[in-house]
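Here's the structure we're looking at; comments come further down.
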Amino acid sequence: MKNRHRTLLDSVSIAPDAMPAADSFGTESQEGKEAAEVVRRGILVRVSPETWRALKLAAIQNNTTVQMMMLAAIEVVLNGHGQSPAP
């Protein structure tokens, strides 16, 4: 199981300019706040300290956050299954 996770992480490469805008994952822009309230749900994933350090380092190198990288990874997985995140 551990090797499967490593393979999944190694197969995803995220360039800084490929990072999705926050609005593509259900967060609101200033205009959106006035239009409607967006309901979001959280996901908790536990990773090893080594994986956390690698994710944090990748985020720093790509001038982003681990949160945005995880949202981009979710989008990659959903797109690979013929689905896309709700706007």
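The values are calculated or read from the model by the stated rules, or taken from the named source; none is laboratory data. Predicted model, so just to flag it, every value in this text is computed and none were measured. Positions of Cβ are backbone-derived with ideal geometry, glycine not excepted, and every protein chain shown enters the neighbour counts.
Computed values, structure above
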{"quantity": "From Asp23, Asp10, residue being outside any loop (DSSP other than H, G, I, E, B), of a type outside the set (Ser, Thr, Tyr), modelled with pLDDT under 90 and surrounded by 10 or more Cβ atoms within 10 Å (Cβ to Cβ)", "calculated": "Asp23"}
{"quantity": "Within segment 58-85, tally of residues that are over 16 Å from Ile43 (Cα atoms) and loosely packed, with under 14 Cβ neighbours inside 10 Å", "calculated": "9"}
{"quantity": "Top-ranked residue of segment 37-87 - restricted to ones that are polar (S, T, N, Q) and not in a helix (DSSP H, G or I), ranked as farthest from the chain's Cα centre (by Cα)", "calculated": "Ser48"}
